[in-house]
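Below is one structure; the comments refer to it alone.
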Amino acid sequence: MTVTLAGAGAALPERVLSNHDFVHLDTSDEWIVQRTGIRERRRLAADASLAELATDACGRALADSGVAPRDIHQVVVATSTADRISPGMAVEIATRLGIDRPAAFDVSAGCSGFLYALDHAIAAIESGRADHVLVCGAEALSRITDHTDRNTAVLLGDGAGAVVVSRAEGGLRPSFVLGSDGTRIDLLHVQQDKLLRMRGREIFESAVDLMAGHTELVLERAGLGAEALDLFVAHQANARIIHAVRRRLGVPAERVFLNVDKVANTSSASIPLALAHAGEQQLLHPGAVLGLAAFGAGLSWGAGVITWRSPDAVRPDGELSAGRGVR
């Protein structure tokens with residue numbers, strides 16, 4: 001028995017901000033693109049519900065996977081910007097989707113949050129406590145952005161992405177590693193003023209080392225080389241960081257997915273958004289081996305290897321299926 005990703009879904013707010021919307025901060029489209037690769041980002045309305053956006057992404061992931069709400073055993077949401085302090089958004093999302101009384105909770109691990117939530121889902125399935133787990137990353141980073149700070153305001157976007165994680169009877173067993181270092185909290189954090197603060201240059205160097213090194217570790221544990229990766233999907237914080245990581249790993253540029261130009265840094269929503277967009281672009285195929293990596297506040301980090309729609313994925317009726325086509 002193993003675990004696979006059975007489907008993915010994405011949802012973005014309607015409002016689009018281009019780089020030209022930040023010229024009042026003494027910056028330019030050229031400056032932002034050259035240093036980050038970002039061209040635009042989405043913004044959630046001040047009075048809008050993040051849970052509603054996340055529910056949309058989760059519903060799309062369920063439809064893409066062919067798994068019905070009644071067959072979901074757990075709902076895990078990674079977020080640092082929920083609509084309320086308590087209860088977690090996972091409870092509301094499950095209710096909106098008609099998932100009857102599942103285990104449902106939120107995870108807060110910054111930009112690494114999705115991989116922390118995904119690792120929990122994998123463990124729940126491997127232990128036999130669940131067959132299908134819905135994992136979502138959703139952020140309204142505009143709620144914690146200092147809109148007067150050029151160094152952070154241009155980097156952040158809002159959005160939600162989700163995946164369905166399912167039991168499979170065979171194929172590659174997922175390999176994941178997570179970690180944190182509290183001695184470096186000051187590099188990236190949100191204080192009581194509820195505004196995000198970061199030291200960009202130091203974060204860049206740490207991000208490359210952490211994502212590359214731990215991706216190498218999970219590949220080694222899985223008995224794979226970088227050439228085995230069909231697609232590498234890293235946290236979409238900065239295109240330069242991602243390219244530096246893929247060069248360290250020896251992954252060809254054509255096997256690296258980038259959508260940071262369209263969505264900017266969406267924290268825990270970043271990787272599931274990228275997976276959903278990669279699916280929409282027909283870049284995933286049943287059995288594809290995916291490399292995932294992220295870093296974030298804490299500092300925290302994670303990396304993993306998992307398959308997309310293993311041919312041995314188990315449907316809710318107990319039969320084997322490769323899943324539905326990309327929608």
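Data overview
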item	result
Some residue of the stretch 8-20 being surrounded by fewer than 16 Cβ atoms within 10 Å (Cβ to Cβ) and either closer than 29 Å to VAL289 by Cα or of a type in the set (Phe, Trp, Tyr) (or both)	no
Selection from the stretch 27-45 of residues that are surrounded by fewer than 19 Cβ atoms within 10 Å (Cβ to Cβ) and either over 27 Å from PHE105 (Cβ atoms) or without any contact (Cβ under 8 Å) to a residue 12 or more places away in the chain (or both)	THR27, SER28, ASP29, GLU30, TRP31, VAL33, GLN34, ARG35, ARG39, GLU40
For GLY98: the one exception among (1) buried (at least 19 other Cβ atoms within 10 Å of the Cβ); (2) in contact with a helix residue (DSSP H, G or I) (Cβ under 7 Å, 6 or more places away or on another chain)	(1)
GLY128 being surrounded by 19 or more Cβ atoms within 10 Å (Cβ to Cβ) and not aromatic (Phe, Trp, Tyr)	no
Unique residue being in a helix (DSSP H, G or I) and modelled with pLDDT of 95 or more when the list is ARG221, ARG184, ARG201	ARG221
Enumeration of residues in the stretch 81-134 that are under 24 Å from VAL305 (Cα atoms) and touching a Cys at 6+ places or on another chain (Cβ under 9 Å)	PHE114, ALA117, LEU134
Pairs with Cβ under 8 Å, 6+ apart, first in the stretch 13-26 and under 9 Å from GLU40 (Cα atoms), second of a type in the set (Gly, Ala, Ser)	ASN19/SER28
Answer residue from the stretch 63-85, given it is more than 20 Å from the chain's Cα centre (by Cα) and modelled with pLDDT under 95 and is surrounded by the most Cβ atoms within 10 Å (Cβ to Cβ) among those	ARG84
Residue, surrounded by the fewest Cβ atoms within 10 Å (Cβ to Cβ), within the stretch 204-229, restricted to residues that are under 17 Å from ARG173 (Cβ atoms) and touching a helix residue (DSSP H, G or I) at 6+ places or on another chain (Cβ under 7 Å)	GLY225
Matching strands (runs of 3 or more DSSP E) fully within the stretch 1-110 where at least 1 residues are farther than 24 Å from LEU258 by Cα	2-11, 74-78, 103-107
Residue tally, condition more than 20 Å from VAL218 (Cα to Cα) and surrounded by fewer than 23 Cβ atoms within 10 Å (Cβ to Cβ), over the stretch 285-316	8
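The values are calculated or read from the model by the stated rules, or taken from the named source; none is laboratory data. Given the structure is predicted, the values throughout are model-derived calculations rather than measurements. For neighbour counting, all protein chains shown are included, and Cβ atoms are generated from backbone atoms with ideal geometry for every residue, glycine included.
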